[in-house]
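Scroll down for the structure; my scribbles are underneath it.
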Amino acid sequence: MARPPRAALVLLCLLGMVALWTILCGLSHSAPDLDGMEELVWAASLELGYTKHPPLPSWFMHFATEWLGRPIWLPFLMGQLFSALGLWFVWKLGCELTSPRRALMATLLVSVTAYFSLRGTIYNHNTAQLWSIAASIWLFYRALRDQRTRDWLLLGVVGGLAMLTKYSALIQFAAFFLYLLRSGAWRQRRTWIGAGWATLAFILVISPHLWWLGQHRFEPLLYADDSLHAGGRLAALNDLLSFSLDQAGRLAPMIAALAAWSLWRRRRGDRAPGHAANDESFAGSGAAPRYIQDFTAADRQFLLWVGLAPFLSTVVISTLLGSRLEASWASTFFVLFGFYGLWWLRGPESVQLRRILIVVASLHLIMALGYAAARGPLAQSLGQASRSTYPGRALAALAVQHWQQYQPGRPLRVIVSNTWLGGNIAVHVGPRTQVYIDASDEQSPWFAPGTALHCGALIAYSARGRAAPSERVQALYDAAPWKGMDEVPWSGPKGRLIDLHWAVLPATPDCLRDQRPDAQPAASRP
């Protein structure tokens, strides 16, 4: 801490965070969360869009599975990698605003909020968007300050990638627009020119997805619109209250870190072992100025408007429209909140950075160990029916057993089920086994239309295992020549039983006639 931190120290902290959360979740969980399983299933092919969301997170997962396969720990790793990348850009912005030590303190503080730590293990479109939102804010700051065409173009490209991750990126772009109005930058001709370059780059990046939307009846937009329906004004207000309380809880670890630092400083003052820290000039502990006082008025304004506008504007609009809010939708709203800790921190930077680092590392360790224990051994011992204890491997073993009984010598390539149960079976059967989600071609674009069942399939559903059948799946099950039901314990001997209803559809005559032993199954598209 005697010298200003460099990129190596920041990377070391971020890699430590990734390793801690990934290893503990990988050891304690027998299945990923629902969103992580969904991404493993969607990674079967590279599409320009999916029925629920834009494509970019699924592309990243596709390349990861090509390299690492489909282990259940992969979504934990991917979620933490994108959390760490988001924190890297928070650090980059901090270095533009203040000293490297203070930038690292702000980065460390925001890292303990739930969206970068505990929920950072959930690889979904919210977590995957953290990096692009943080990078967009950094580039927006640089573009306005320096007015370089390169920064504006990069802002447009990264903003396009944020949009290809989740359409909620528009909320952050609205915050940029509000800041332009508040700061007066919109009156400058060069700002309009730069924004024009950024818009052009943005449109070029998202144009293939726009074309796909037109070809697929704007399905993700309809899904997003349907997700906002609250069921009435009273229900919307209740959602808003729950949403706000959830955000307070997810920010609580950062408040705890600041409280621990404050107590430490009150008891020990501003001196610490080591001559380098003690030689740093500073005022008396009571009179030391808070770090934020060294920021320019324009930078403080930037942090407040760009950092607070996403949450406040969402709350205001939801109140006016009576729309539904879900807590996880706010994942990217708080990326700048670590800088608000600089309104509180003061004293010699080397001493305070050391303390913040110790406090934050301790909080990460406590939260990761607690989360892993609660979701793994504790849930098993209590028999809790949690997704983290789902017996995917046992279910897959039964599926393979029944398939081989009625289709001996033929590999199991297709599971007809919902995303959760089908994914839990498929990832344990083999890398080429895919899920025909709810027997729907629209939801399963990795199969050419009408070909998914060409070479047979195993149908699976469970009324007690979070996998009730859709009408199409039930119809296929009823028509299958071989079927049955097994019971599998969920979460150990104390847990309830999962009713695995299975059925085997045989290969069609065309498949039996045309398929060679070394050929790729006709049901699967490259």
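The values are calculated or read from the model by the stated rules, or taken from the named source; none is laboratory data. None of these values were measured; they are calculated from a predicted model. Every residue, glycine as well, gets a Cβ built from its backbone with ideal geometry; the counts of neighbours run over all protein chains shown. We work out accessible area using only protein heavy atoms, side chains counted, and drop any ligands, DNA or RNA first. Shrake-Rupley method; radii C 1.70, N 1.55, O 1.52, S 1.80 Å.
What the table shows:
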| quantity | calculated |
| --- | --- |
| Mean separation of Cα contacts under 8 Å, 6 or more apart, over the residue count of segment 127-186: relative contact order % | 34 percent |
| Among (1) 159; (2) 145; (3) 171, the entry derived from the coordinates for volume of the Cα convex hull per residue in Å³ | (3) |
| Long-range amide H partners of residue 414 with built H, under 5 Å | 434, 458 |
| Separation in nanometres of the label points that stand 7 Å from Cα toward Cβ, at residue 267 and residue 12 | 2.6 nm |
| Ordering of 440-448, 475-483, 328-336 by packing [mean C-beta count within 10 Å, highest first] | 328-336, 440-448, 475-483 |
| Segment 375-526: relative contact order as a whole-number percent, Cα under 8 Å and 6+ apart | 28 percent |
| Shape call, segment 334-407: gyration tensor on alpha carbons, a/c limit 1.5 | prolate |
| Accessible surface of segment 342-471 [probe 1.4 Å, protein heavy atoms]: carbon and sulfur percent | 58 percent |
| Ratio of the Cα radius of gyration of segment 288-388 to 2.2 N^0.38 Å, where N counts its residues | 1.54 |
| Solvent-accessible area per residue, Å², over the chain with all protein chains present [probe radius 1.4 Å] | 43 Å² |
| Three-way shape label, segment 313-352, alpha-carbon gyration tensor, a/c 1.5 | prolate |
| Mean projected area (nm²) of the alpha-carbon convex hull when segment 139-179 is viewed from all directions | 2.6 nm² |
| Amide proton proximity set for residue 467, modelled H, under 5 Å, gap of 5+ | 462 |
| Extended-chain gain in nm, criterion 0.36 nm per residue less alpha-carbon gap, residue 217 and residue 385 | 56.7 nm |
| Cα→Cβ-extended label distance, 7 Å offset, between residue 478 and residue 19, nm | 5.6 nm |
| Whole-number percent relative contact order across the chain, with pairs defined as alpha carbons under 8 Å at least 6 apart | 18 percent |
| Per-residue HN-Hα couplings for segment 98-113 [Karplus 6.51, -1.76, 1.60; θ = phi - 60°; Hz; x = Gly/Pro] | 8, 6, x, 5, 5, 4, 5, 4, 5, 5, 5, 4, 6, 5, 8, 4 |
| Computed Rg/Rh of segment 68-195, alpha carbon atoms with Kirkwood Rh | 1.02 |
| Nearest-10 value in Å² for the accessible area of residue 219, using the 1.4 Å probe | 30 Å² |
| Shape call, segment 168-268: gyration tensor on alpha carbons, a/c limit 1.5 | oblate |
| Phi-based couplings in Hz for segment 376-387 (Karplus 6.51, -1.76, 1.60; Gly and Pro marked x) | x, x, 5, 4, 5, 5, 8, x, 6, 7, 10, 4 |
| Cysteines in the chain lacking a second Cys C-beta under 4.7 Å | 13, 25, 95 |
| Accessible-area composition of segment 138-278, carbon plus sulfur, in percent [1.4 Å probe] | 65 percent |
